[in-house]
Amino acid sequence: MQPRVKGLGASPWRTVLPCRICGSRTEEILDLGRTPPANAITDSPETVLEAYPLVLEWCASCSNLQLRDCLASDDLYRNYLYVTPESETLSKHYDYLLNYLSSQGYVTPSSFVVEVGSNAGLFLKHIQPSVGRVIGIDPAENICKLAVAAGIPTICDFFSETSARGIAEKFGKPDLLVARHCFAHNCDPHPLIAGAVALLGDGAHLVVENAYALNTIENNEFDQIYHEHMFYFSIRSMANLLAIHGMQLVDVVMSLVHGGSAIFVAKKSPDSTRSESTQQYLTREAHFMTREALQRFAANTRLIAENLHALINELHAANKTICTYGATAKGNTLLNYVGLTRSTITACVDSTPLKQGKYLPQSGIPIISEQEGVAHPPDYYLLTAWNYKEEIIAKVRGGGNFHSKFIIPIPFVHIL
Ligand code: JHZ
């Protein structure tokens with residue numbers, strides 16, 4: 001896998017790098033060392049993968065957080081093992097999003113909706129009965145097949161100005177273009193917005209849902225930093241990015257999914273009005289998203305790593321069995337930064353059939369099914385899918401396992 005952007009190779013690190021949104025100078029906030037790509041699950045525990053730097057940097061000028069070194073999209077996404085889980089939490093979230101979009105008139109029963117990064121098509125499947133027509137676009141060939149099999153027409157491609165023009169020619173212009181948790185997955189966000197501008201008509205809306213940078217830092221979610229996440233958008237950075245392309249951020253709503261996400265709504269006409277609540281969020285963000293807050297986040301990250309490392313070693317020394325729950329991308333940042341491996345962690349439970357029977361990158365921990373987890377309950381589960389805390393704990397207890405305790409790593413290490 002060849003890193004595309006900068007920093008790697010024989011030349012020394014550049015210390016002053018430009019913000020990939022506004023071009024201003026950035027400063028380093030947190031260095032998580034080198035890790036393999038978070039979804040590079042392997043067929044053998046012995047596989048040694050190439051590891052790349054994970055460095056978070058901040059642009060004080062537009063309040064953008066970005067990954068310093070970006071890997072090539074083709075290598076990261078063409079064959080992808082992340083399949084959106086069937087989850088009650090997500091299903092409720094889809095209802096919330098659909099209600100919001102309908103109540104604002106952004107979708108109606110006759111709307112044409114296109115989703116970028118549509119994965120296995122779960123969101124489109126959910127809204128399909130409430131709108132006129134849906135189409136997904138996703139680059140992962142293996143995942144597109146799952147979406148098509150589920151009845152969601154899906155174009156297997158990256159979203160760009162070119163593919164956007166192709167969609168407009170073949171299917172017409174959509175009323176709504178949605179990009180959920182995929183917008184930060186590209187080292188250059190400008191072609192994505194240019195694609196949206198090419199595809200959308202004047203009255204149409206763009207909805208981008210992404211982990212919200214202020215939640216990420218306030219909740220110490222350092223494990224959200226991995227190579228797929230090349231940006232950590234604030235409202236200011238998103239508004240700025242949109243404005244560069246003549247788009248206006250008109251509304252922002254908050255959601256609890258994935259540790260706190262922002263749903264950004266934009267329109268092509270730059271003179272559209274911005275909601276009052278968005279102005280209030282911007283004021284709050286300016287107050288709390290400061291250099292000091294980012295330094296605190298970095299210090300808390302180191303503290304969580306130290307505490308978790310000590311706790312796992314202590315439990316292991318006391319002959320306790322420990323598994324992780326959720327073969328998540330963020331779990332791999334957590335394990336690899338903290339330095340946890342199969343020497344102390346027996347297995348990782350995950351519901352995704354594509355992941356089972358394989359091994360977590362670098363730590364070499366074997367991935368087993370939830371049924372195997374039920375059959376062999378460990379003394380402790382380290383909850384690496386902490387964003388599904390209530391749902392997973394209820395599932396484990398509902399399956400009759402009242403033995404396993406849960407170690408929750410974020411926002412601080414504690415046991416339930
Ligand atoms: P989950 C993914 O991150 C990858 P990850 C991606 N890069 C991204 O941006 C975010 O999502 C948004 C399992 N599970 O969603 C299924 C159970 O085993 O937190 C999944 O493998 N039992 C696109 O990987 C994992 O946990 C359950 O009951 O950090 C959840 O992964 C449930 C609910 C999930 O994201």
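The values are calculated or read from the model by the stated rules, or taken from the named source; none is laboratory data. Model, not experiment: these values are computed from the prediction. All Cβ positions, even for glycine, are placed from backbone atoms using ideal geometry, and neighbour counts span all protein chains on display.
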Qualifying positions in segment 236-266 - touching a strand residue (DSSP E or B) at 6+ places or on another chain (Cβ under 9 Å) and not aliphatic (A, V, I, L, M): ARG236, SER237, ASN240, GLN248, ASP251, SER255, HIS258, GLY259, GLY260, SER261, PHE264
With (1) within 13 Å of the ligand (Cβ to nearest atom); (2) modelled with pLDDT of 95 or more as the list, and THR341 as the residue in question, which single condition is left unmet? (1)
Evaluate segment 367-387: report whether one residue or more is touching a Leu at 6+ places or on another chain (Cβ under 8 Å) and surrounded by fewer than 18 Cβ atoms within 10 Å (Cβ to Cβ). yes
Out of (1) without any contact (Cβ under 8 Å) to a residue 60 or more places away in the chain; (2) surrounded by fewer than 19 Cβ atoms within 10 Å (Cβ to Cβ), what's the single condition that is false for PHE264? (2)
Restricting attention to segment 389-416, the residues that are farther than 15 Å from ILE322 by Cβ, within 11 Å of the ligand (Cβ to nearest atom) and touching a strand residue (DSSP E or B) at 6+ places or on another chain (Cβ under 9 Å) number exactly 3
Could you check, for segment 144-161, whether at least one of its residues is at negative phi, among the acidic types (Asp, Glu), buried (at least 21 other Cβ atoms within 10 Å of the Cβ) and touching a Gly at 6+ places or on another chain (Cβ under 7 Å)? no
Select from segment 23-40 the residues that are within 16 Å of the ligand (Cβ to nearest atom) and out of contact with any Pro (no Cβ under 6 Å at 6 or more places or on another chain) and write down the one among them that is modelled with the highest pLDDT. LEU32
Here's a check for you: in segment 388-404, which residue that is surrounded by 14 or more Cβ atoms within 10 Å (Cβ to Cβ) and not polar (S, T, N, Q) is nearest to THR328 (Cα to Cα)? TYR388
Determine, yes or no, whether VAL349 is in contact with a Cys (Cβ under 7 Å, 6 or more places away or on another chain), farther than 18 Å from PRO36 by Cβ and among the β-branched types (Val, Ile, Thr). yes
Matching residues in segment 178-218 - criterion: being of a type in the set (S, T, N, Q), in a helix (DSSP H, G or I) and touching a Phe, Trp or Tyr at 6+ places or on another chain (Cβ under 8 Å): THR216
Got a sec? Which of ASN332, ASN336 is within 16 Å of the ligand (Cβ to nearest atom), more than 23 Å from LEU90 (Cα to Cα), polar (S, T, N, Q) and out of contact with any Phe, Trp or Tyr (no Cβ under 6 Å at 6 or more places or on another chain)? ASN336
Out of all the residues in segment 345-362, is one or more in contact with a helix residue (DSSP H, G or I) (Cβ under 8 Å, 6 or more places away or on another chain), within 13 Å of the ligand (Cβ to nearest atom) and among the charged types (D, E, K, R)? yes
Lone unmet requirement of (1) among the polar types (S, T, N, Q); (2) farther than 16 Å from CYS62 by Cα; (3) away from the ligand (no atom under 16 Å from the Cβ); (4) surrounded by 22 or more Cβ atoms within 10 Å (Cβ to Cβ) for THR324: (3)
Take SER272 and decide whether it is touching a residue at least 12 places away in the same chain (Cβ under 8 Å), more than 30 Å from ALA60 (Cβ to Cβ) and assigned to a loop (DSSP other than H, G, I, E, B). no
Quick one: is LEU303 more than 16 Å from the ligand (Cβ to nearest atom) and assigned to a helix (DSSP H, G or I)? yes
Give the residues of segment 27-56 that are surrounded by 14 or more Cβ atoms within 10 Å (Cβ to Cβ), without any contact (Cβ under 8 Å) to a residue 60 or more places away in the chain and among the hydrophobic types (A, V, I, L, M, F, W, C), sorted by residue number. VAL55
Give me the residue from segment 25-67 that is β-branched (Val, Ile, Thr) and touching a helix residue (DSSP H, G or I) at 6+ places or on another chain (Cβ under 9 Å) and, out of that set, nearest to ALA213 (Cα to Cα). ILE29
Look at segment 99-138 and say how many of its residues are in contact with a Leu (Cβ under 9 Å, 6 or more places away or on another chain) and within 16 Å of the ligand (Cβ to nearest atom). 10
